[in-house]
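> Here it is, the structure in full.
The values are calculated or read from the model by the stated rules, or taken from the named source; none is laboratory data. Please read these numbers as outputs of a predicted model, since none were measured by experiment. Here the Cβ is made from the backbone with ideal geometry for all residues, glycine too, and neighbour counts use every protein chain on show. Just the protein is used for accessible areas: all its heavy atoms, side chains included, with ligands, DNA and RNA removed. Shrake-Rupley method; radii C 1.70, N 1.55, O 1.52, S 1.80 Å.
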Amino acid sequence: MESEEAEGTIVKMMNNCDDRMSELKAFDDTKGGVKGLVDGGVTKIPTMFYHPLDKFPNSSNTEHSLIPVIDLEGVAKDPIIRQQVVSRIREASETWGFFQVVNHGIPGSVLEEMKEGIKRFFEQDVEVKKEVYSRDNTKPFIYNSNFDLYSSSALNWRDTFGCQLVPLIGKPQDLPQVCRDILLEYGNNIMKLGITLFELLSESLNLHSNYLRDMELGCTDQIICAGHYYPPCPEPELTMGTTKHSDGTFITVLLQDHIGGLQILHNDKWIDIRPVPGILVRKIH
């Protein structure tokens, strides 16, 4: 009897797995992503987007002012300012793993246009977006919903596009026209900022300023861009836009929009990072 009950449990588990896989594949096959669900008038989110409650307490916005803000003004011209910045970056990297940068040299107009370019892409007609919907990471530009769709225990309420800007894979024409120019311009600006930051990070380690750049696999040899889009959710209390994670890159440069929602984990406490125009968030991994 025990053997029969165990076998019955296994069969039920297999059936549940098959049902879930069918649900995931059906969602993937629409190529419409989460925005497709919203455009279709969904009022109840599918269970594959349900997330369990986190064990951590609610976030705190009272400590936002403690997050290091690094001012790069004059860092290339004044050796005293540069040394002060190097010291601040060393301290921020050791104690937080995060810091914000101001006066980074990227025009505000470029930052705003980058956000608008992402929005323009995702708000195109679904039939246009379907042409670049893919899970083949070797393509010059891919768009999909949840890169870990078939392995995640719960999906994020988010669509994403990704492309490698340095070195550019393929031709510029492989990038969608609605955001092509700003992607290329933003990539060039981020490269310049990245070089500056890697120099400062090298110096914070008491190394030659070009150390991280001149490594066999230099830290500025590759820049990957990911654009996220979070459609309005009818049941936001049941899901997440982006779950807790640590990126697999050396450094992440994050450009926030005005909505907010970004949090960092510091000393087992989630801290809100309020969006401030012109500020970029740096994550050291």
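> Give the residue that is surrounded by the most Cβ atoms within 10 Å (Cβ to Cβ), with candidates limited to residues of the range 127-149 that are among the hydroxyl-bearing types (Ser, Thr, Tyr) and either at pLDDT below 95 or under 17 Å from Cys225 (Cβ atoms) (or both).
It comes out as Tyr143.
> If you don't mind, another one. Could you run through the range 83-106 and say how many residues are of a type outside the set (A, V, I, L, M) and touching a residue at least 40 places away in the same chain (Cβ under 8 Å)?
Looking only at that region, the number is 10.
> So, of the residues in the range 153-182 that are part of a strand (DSSP E or B) and open to solvent by less than 50 Å² (accessible area, probe 1.4 Å), which turns out to be farthest from Leu53 (Cα to Cα)?
Val166
> Report whether or not Glu123 is at negative phi, touching a helix residue (DSSP H, G or I) at 6+ places or on another chain (Cβ under 7 Å) and among the acidic types (Asp, Glu).
Criteria not met by Glu123.
> Could you tell me which numbered condition Gln222 fails, if it satisfies all but one of (1) open to solvent by 70 Å² or more (accessible area, probe 1.4 Å); (2) out of contact with any strand residue (DSSP E or B) (no Cβ under 7 Å at 6 or more places or on another chain)?
Gln222 satisfies all of (1) open to solvent by 70 Å² or more (accessible area, probe 1.4 Å); (2) out of contact with any strand residue (DSSP E or B) (no Cβ under 7 Å at 6 or more places or on another chain) except (2).
> Could you please let me know if His208 is touching a Lys or Arg at 6+ places or on another chain (Cβ under 6 Å) and open to solvent by 60 Å² or more (accessible area, probe 1.4 Å)?
No; evaluated as a whole, the condition is false for this residue.
> Find the residue count for the range 1-30, including only residues that are at pLDDT 85 or above and open to solvent by 80 Å² or more (accessible area, probe 1.4 Å).
4
> Let me ask something else about it. Can you find a residue that is at positive phi and open to solvent by less than 70 Å² (accessible area, probe 1.4 Å) anywhere in the range 108-115?
No, because not a single residue in the range 108-115 is at positive phi and open to solvent by less than 70 Å² (accessible area, probe 1.4 Å).
> Next up: Please enumerate the residues belonging to the range 263-276 that are touching a Leu at 6+ places or on another chain (Cβ under 8 Å) and open to solvent by 40 Å² or more (accessible area, probe 1.4 Å).
Within the range 263-276, just Pro275 meets the criteria.
> Take the conditions touching a helix residue (DSSP H, G or I) at 6+ places or on another chain (Cβ under 7 Å), modelled with pLDDT under 95 and open to solvent by less than 50 Å² (accessible area, probe 1.4 Å) and apply them to Ile195. Does it pass?
When the stated conditions are applied, Ile195 does not pass them.
> Can you tell me which of His228, His208 is under 30 Å from Pro79 (Cα atoms) and out of contact with any Leu (no Cβ under 8 Å at 6 or more places or on another chain)?
His208
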